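Engineer: First the structure, then my questions, so here it is.
Nothing in this text is a laboratory measurement; each read-out follows from the coordinates by a stated rule. Nothing here was measured: the structure is a model prediction, and the numbers come from that model. Every residue, glycine as well, gets a Cβ built from its backbone with ideal geometry; the counts of neighbours run over all protein chains shown.
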Amino acid sequence: MALTGIEIFKLLPGGQRPPHPKANCKECGIPTCMAFAMKLAAKQVELAACPYVSEESKTKLAESSAPPIRLITLKGPGSSIKAGNEVCLFRHEKTFYNKPGLFVRVKASQANIAAEVAKADAYKVNYVGMDFTVDGFAVEADTLSGTSDPTKFADAVKAVRSATKRPLILVAKDAKVLEAGAAALPGETPLLYGADSANWEAMGDLAKKLNAPLAVCADNLDTLADLTDKLKGKGLEDFVIDPSSTKLGASIAKYTQIRRLALKNFRALGFPVISFACNAADEGIAAAQAIAKYAGFVVLDKFVPELLYGLLVLRENIYTDPQKPIQVTPGIYEINNPKPESPVLITTNFSITYFAVANEVEGSGLPAWLLVCDAEGMSVLTAWAAGKFDSERIAKAIKGFNVASKVSRKRVVLPGHVAVLSGELEAELPDWEIRVGPREAVDLPGYMKTALNN
Amino acid sequence: MPVEIPKDKWTGKVREVSFGATAADGGTRSKSIVVGGDTTLPYMQFEAPTPHTPVIAVEIKSRRPEDWSTLLEETWGDAMNDPASWAKAAEAAGADALVLWLTLADTPEDAVKATKAVLAASALPLMVFGPGQVEKDNELLVAVSEAAKGEKLVLGICEDKNYRTIVATAMANGHLVSARTPMDVNLAKQLNILITDMGLPANRIIMDPTTGALGYGIEYGYSVMERLRLASLQGDGMTQFPMMVTVGFEAWKAKESKVGTGVPEAWGDWKARAIHWETLTTTALLESGASIVVLRHPESMKRIRAAINELMAA
Ligand code: B12
Ligand code: SF4
């Protein structure tokens, strides 16, 4: 966390004891060192404006302005994924920024690696207009005890790389094995997993050589902090932390402790966390916990579309900025090539609402005009209750988007949940036929086929 | 490097609330259930133990629902035909408590009959919910409340529009209320104030801050529950109530759980997806502060039970 104005002041000429001879010299253009410190804390001035800050203070100030959780980027030839740079404990305090990467595990001994990976790699699912995919793959050496064969591991990595261009996590406890795997990924930034109390020197040397982020693993925070500290001594800066718990109770505690410490500027743990949900008793539940509770990377056991879809949606929901609901642009949308006689369906611009309706109509194959009103990104009933979706607004949208010019039959369909608006809307739009549709979008196709056809 | 673990020090505490009266308390339940009592954020057991294991309640209906997913019909089968056999099946499936959810088609006599049948079929602590329409809820719940006097039921849905009637009958007959507000900290607080002002003891209120399912607004429910728990720990007395959420109801309303055909292939296997929809939603909400989760599918109950055991073991 950034230093406060007072803390910064203590590092400036005026705050030193005894004060620096140039204290309050105004050369920075600000009347006092204290005022300068306040402006610095508010990021309204640059430190460089003061010529008299000591080197020691400069280092401290630079450190304090670094993000509390280091941004780690993994790169494959086709895409990259970032974790870190988070600033809060609860999403309502600000928002969560970098969605945790979802990785699928591949074991080096597995048969048909390339085919399995290709399936997962091709996966794409749409949620309210956004396409989601897996973020990468974790290739795991046959045994973590270090007896696996470097050549076999390298072959497995090559097989994976032949089937995907996404970033990889290489998992082995023997630096030689990892090195052989990494050699198959020239020019990339994989995550090396991982360093523990036994192998950290060799792993550190490898990470340094490859200039790749290194995961550190231990089941307690003391050892984790120790490891990153020692490895920093080797000149490394990019780490990912694995607190190695597979039980939900221990992991929620440790992940929270790490996030809290990081936000308090405890540098030894100021890195994204990786969760091997694949090793938990129920990987779906473990992954859900990891997504909500601070993981930067989540490793799943297999490619299971029905689970992946749920996790991708959860991740999107948790990482949605609480200040801005996901919205679509108000306007008139054409579904299945509507003709002048096609009906006009009315809805709001909350993404979830819009897509619930649009997907149903699209799936039915029936043509319609979908008029999306500006309801400040709220669902039908929420907007109605908040006074953002009333007959006046609907009438305004119909006129504003010049809907009359597109249709031969002036007919609008209201969502069933706001049937109460039909009377007022008739008054607002005397030459329009006002219909009330079903309450739920799933029933729209049936309604359009029957009730609307007469 | 020895790391000093930062521990939060809170002044507030969530009230302990118990429902379901045993013979000793003048009821017929095999046990009472206690929830609440938390002095820190959910499962931060390095600060303070989580005092009571979260409760898995199962939703059963007074009459066979027509709009439930066929996946649910498959698993409950004929038990869904009458609330007594459904209650037995739910107990056998491992429920801690039951939620008997009445319907708009019920008369007060139907509601009383269903409640009595459930009380006779299962000795688990019971909550009885109206269909969610103010006048109907009042009508049905008053009858149920009187007929089950002394059982320490939880009566819902108690909202700003009908709290007076429901609170009055809960007071007169020794029950609790489930106070529901639409995902808003201040509205929750305000309703709790109104209810306690009527004289219902505060340890007979459970809050239902409302949630949405995964993909359908879970983020709002999640954050409101986090904020309510934080407010209660910071000492705001009118937020210090245990929370319940009707996760099964929300999750099984989602298209992802409800239907298996005409959906994108990328959604994968229907049944597995539906269970994930319920369990993933529940996991997130347990960790944001729910003490009681109301579920629908036995497989979800099993998985959530295992998850709760792990969370409690810490
Ligand atoms: C999430 C939520 C919120 C979120 C907002 C989310 C958002 N961006 O809209 C938050 C927490 C901010 C919120 C706030 C409020 N909310 Co609110 N909220 C909900 C909740 C839980 C879910 C709404 C939702 O997202 N539904 C999903 C979407 C997809 O549904 P939908 O838009 O209705 O679309 C469906 C149908 O209408 C239909 N459909 C849509 N368009 C069309 C078009 C046609 C032609 C047809 C046929 C069908 C159709 O298809 C869709 C899928 O079936 C509901 C309760 C619930 N469980 O439903 C309450 C609810 C809507 N909220 C309610 C209230 C009162 C409020 C507040 C006024 C509370 C307050 N006083 O602060 C505020 C208002 C906001 C404000 N002042 O800023 C009430 C409304 C009561 C009423 N009947 O009037 C509800 C019903 C809760 C309740 N039971 O009391 N809310
Ligand atoms: S330049 Fe500004 S901050 Fe630096 S010593 Fe002078 S007054 Fe203080």
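Engineer: Report the charge-dipole magnitude of the protein assembly as shown in Debye, nearest 20, computed about the Cα centre from +1 at each Lys and Arg Cβ and -1 at each Asp and Glu Cβ.
Structural biologist: The dipole of the protein assembly as shown has a size of about 1440 debye.
Engineer: Out of the DSSP beta bridges found with both residues in chain A, what percent are antiparallel (nearest 5)?
Structural biologist: 25 percent
Engineer: Could you name the lysines whose alpha carbon sits less than 21 Å from that of B:Lys136, not counting residues in the same chain fewer than 8 places away?
Structural biologist: Straight-line reach from B:Lys136, under 21 Å: B:Lys61, B:Lys113, B:Lys116, B:Lys149, B:Lys161.
Engineer: If you take every DSSP beta bridge whose two residues both sit in chain B, what share of them, in percent to the nearest 5, is antiparallel?
Structural biologist: Numbers: 4 of 32 bridges.
The antiparallel fraction comes to roughly 10 percent.
Engineer: Still on this structure, I have one more. Give a residue-ordered list of calculated ³J(HN,Hα) values for the stretch A:360-372 (Karplus: 6.51 cos²θ - 1.76 cosθ + 1.60, θ = phi - 60°; whole Hz; x for Gly, Pro).
Structural biologist: 5, 5, 4, x, 6, x, 8, x, 7, 9, 10, 8, 9
Engineer: Test of the criteria: in the stretch A:67-111, which trypsin sites (Lys or Arg not before Pro) are in a DSSP loop and have at most 10 other Cβ atoms within 10 angstrom of their Cβ? Spell out each step's value before the answer.
Structural biologist: Details: sites: A:Arg70, A:Lys75, A:Lys82, A:Arg91, A:Lys94, A:Arg105, A:Lys107; in loops: A:Arg70, A:Lys94.
In loop regions of the stretch A:67-111 (DSSP not H, G, I, E or B), there are no sparsely surrounded trypsin sites (Lys or Arg not before Pro).
Engineer: Would you give the gap between the C-alpha center of the stretch B:173-246 and the C-alpha center of the stretch A:33-75, rounded to a whole Å?
Structural biologist: 43 Å
Engineer: Still on this model: Between A:Arg439 and B:Ile5, how high is the FRET efficiency from 1/(1 + (r/R0)^6) when r is the Cβ-Cβ distance and R₀ = 41 Å? Nearest 0.05.
Structural biologist: 0.25
Engineer: Within 10 Å of each Cβ in peptide A:87-94, how many partner chain Cβ atoms are there on average? Round it to a whole number, please. Walk me through the numbers before you get to the answer.
Structural biologist: On the way: counts 0, 0, 2, 7, 5, 9, 4, 0.
Partner Cβ neighbours, averaged per residue: 3.
Engineer: For the pair B:Ala314 and A:Ala198, what calculated FRET efficiency results from E = 1/(1 + (r/R0)^6), where r is the Cβ-Cβ distance and R0 = 25 Å, to the nearest 0.05?
Structural biologist: Result of the calculation: an efficiency of 0.35.
Engineer: Test of the criteria: in the stretch A:316-355, which GluC sites (Glu not before Pro) are in a DSSP loop and have at most 12 other Cβ atoms within 10 angstrom of their Cβ? Kindly include the intermediate steps, with their values, before the conclusion.
Structural biologist: On the way: sites: A:Glu316, A:Glu334, A:Glu341; in loops: A:Glu341.
Sparse-neighbourhood loop GluC sites (Glu not before Pro): A:Glu341.
Engineer: Evaluate the distance, in nm, between pseudo-label points positioned 7 Å from the Cα of B:Thr22 and of A:Ala66 along their respective Cα→Cβ axes.
Structural biologist: 5.8 nm
Engineer: Let me ask you something else. For B:Arg29, list long-range residues whose amide hydrogen, built 1.01 Å from N in the peptide plane, is under 5 Å from its own amide hydrogen.
Structural biologist: B:Ala21, B:Thr22, B:Ala23
Engineer: Suppose each label sits 7 Å from its Cα in the direction of the beta carbon; what would the A:Glu334-A:Asn279 distance come out to in nanometres?
Structural biologist: 5.6 nm
Engineer: Using θ = phi - 60° and the Karplus relation 6.51 cos²θ - 1.76 cosθ + 1.60, list the HN-Hα couplings for the stretch B:115-122 in order, rounded to whole Hz, with x at every Gly or Pro.
Structural biologist: After applying 6.51 cos²θ - 1.76 cosθ + 1.60, I find 4, 5, 4, 5, 4, 7, 7, 9 Hz.
Engineer: HN-Hα J couplings of the stretch A:72-77 from phi, Karplus 6.51/-1.76/1.60, θ = phi - 60°, integer Hz, Gly and Pro as x?
Structural biologist: 10, 10, 9, 10, x, x
Engineer: Could you tally the net charge around B:Phe129, taking each other residue with its Cβ under 13 Å from the Cβ of B:Phe129, Lys/Arg +1 and Asp/Glu -1? Numbers along the way, then the final one.
Structural biologist: Details: positive: B:Lys61, B:Lys136, B:Arg180; negative: B:Glu59, B:Asp106, B:Asp137, B:Glu159, B:Asp208.
Here the count lands on -2.
Engineer: Shifting gears a bit: What does the average come to when, for each residue of peptide A:344-357, you count the partner chain Cβ atoms lying within 10 Å of its Cβ?
Structural biologist: 1
Engineer: Hey, another quick one. Name the long-range amide H neighbours of B:Lys61: under 5 Å, sequence gap of 5 or more, or other chain; modelled H, no Pro or chain starts.
Structural biologist: Those qualifying (amide H under 5 Å, at least 5 residues apart or on another chain) are B:Trp101.
Engineer: Let me confirm one metric for peptide A:257-266, namely the mean number of other chain beta-carbon atoms within 10 Å of its residues' beta-carbons.
Structural biologist: Mean shielding count: 2.
Engineer: With both partners inside the protein assembly as shown, how many of the DSSP beta bridges are antiparallel, as a percent to the nearest 5?
Structural biologist: Antiparallel bridges: around 20 percent, rounded to the nearest 5.
Engineer: Excluding B:Ala231 itself, calculate the net charge of residues whose Cβ lies under 15 Å from the Cβ of B:Ala231, where each Lys or Arg counts +1 and each Asp or Glu counts -1.
Structural biologist: Net charge around B:Ala231: -1.
Engineer: At most 10 other Cβ atoms within 10 Å and a DSSP loop assignment: could you name the trypsin sites (Lys or Arg not before Pro) in the stretch A:366-434 that fit?
Structural biologist: none
Engineer: Hey, for a label at B:Lys161 modelled as a point 7 Å past Cα toward Cβ, could you say which residues of the stretch A:388-402 have their backbone N under 20 Å away?
Structural biologist: Residues A:388-391 fall inside that zone.
Engineer: Would you mind getting me the FRET efficiency between A:Ala118 and B:Glu74? Use the beta-carbon distance for r and R0 = 45 Å, nearest 0.05. Could you put the intermediate results ahead of the total?
Structural biologist: Numbers: r = 34 Å, r/R0 = 0.76.
My answer for the efficiency is 0.85.
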